[in-house]
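Heads up, the thing below is written out as C-alpha cells.
The values are calculated or read from the model by the stated rules, or taken from the named source; none is laboratory data. This structure is a prediction, so every number in the text was calculated from the model and none was measured. Note that each Cβ is placed from the backbone with ideal geometry, even for glycine, and that neighbours are counted across all protein chains shown.
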Amino acid sequence: MSQETAALVRQEVAFEGYFKVVRYFFRHTLHKGGMSGIISREVFERGQAGAALLYDPQRDEVVLIRQFRAGAYVAGHHPWTWEAVAGIIEDKETAEQMIRREVVEEAGLEVGELLPIQSVMLTPGACSESCRIFLGRIDASKAGGVFGLADEHEDILVKVIPFAEAQAMVGRNEVDNAVGVIALLWLALHRDEVRKRWR
C-alpha cells in the first residue's frame, strides 16, 4: 500500500453556492502496475466537521437531537433524524472548540470532558468532509427542549434517552446516520470503562 500514490493534474470550480463542488483531475497508480490515465471527479466541498455523542455516566443516558434534513428527504428516508450534536469547524477553531459551541447552540448544555472516538470520512467517493467524533460528558438532568439558531433556520428537538433504549433505536434503524451509529456502537463497546473513568 505504501506504493499507492495519486497526483493532482488540475482543478476547477464546477459550482459555488451555499456549498461548493470542485472538479478535480487526477492520475494514480494502478494495483496491477503503472499509472492511470487522467480521470476527473467532482467533489462536494463542505468543510471539516466534528460531532459529539452526549452522555451522562451517572444516569446512564444519552442526549440525542432531532432535526429536518434535506438529504434524508431527497433520499426517501424519514426527513427528521436522531443525531449526535455536530457542526462544521470554522477557521482558527479546533474540533473541540466547535463541539463546545455547538452543544450550547443545539442542545442548550455545557459539555465537560471530550473523549475522542474516531475520525471518519463520511462519503469518500464524493465528498471531502471528514468528521472527528467524540463522546462528551454532560448532566442529562438539565437536558430537553427545542434549540437552534433562528438565523440558520434550526429547529432542534433535544431528548434524553436511556442508553439501553438508544441501543435499541440503532437496532430498529431509527438512528440511521453514520456518525450517530458509530458513536452509539462505540459507547456500547466502551461503556463500562467510560463509567469508571467518569465516576
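Could you list, in sequence order, all residues of segment 176-185 that are in a helix (DSSP H, G or I) and either surrounded by 18 or more Cβ atoms within 10 Å (Cβ to Cβ) or not assigned by TED's automatic domain parsing to the domain that holds L53 (or both)?
V179, G180, I182, A183, L184, listed by residue number.
Hey, can you tell me all the residues within segment 41-69 that are under 14 Å from F19 (Cβ atoms), aliphatic (A, V, I, L, M) and within 13 Å of the chain's Cα centre (by Cα)?
A49
Name the residue, out of V146, V170, V158, that is in a strand (DSSP E or B), touching a helix residue (DSSP H, G or I) at 6+ places or on another chain (Cβ under 6 Å) and within 14 Å of L64 (Cβ to Cβ).
Just one listed residue meets the conditions, V158.
Among the residues of segment 168-175, are any over 14 Å from V103 (Cβ atoms), of a type in the set (V, I, T), at pLDDT 95 or above and assigned by TED's automatic domain parsing to the domain that holds A95?
The answer is yes; a qualifying residue exists.
Kindly check whether there is at least one residue in segment 97-111 that is charged (D, E, K, R) and not in a helix (DSSP H, G or I).
The answer is yes; a qualifying residue exists.
Of everything in segment 131-153, what is in contact with a strand residue (DSSP E or B) (Cβ under 8 Å, 6 or more places away or on another chain) and exposed (fewer than 15 other Cβ atoms within 10 Å of the Cβ)? Give them in sequence order.
The answer is S141, G145, V146.
Output the residues belonging to segment 112-130 that are surrounded by fewer than 21 Cβ atoms within 10 Å (Cβ to Cβ) and outside any loop (DSSP other than H, G, I, E, B).
L114, L115, P116, Q118, S119, V120, M121, C127, S130
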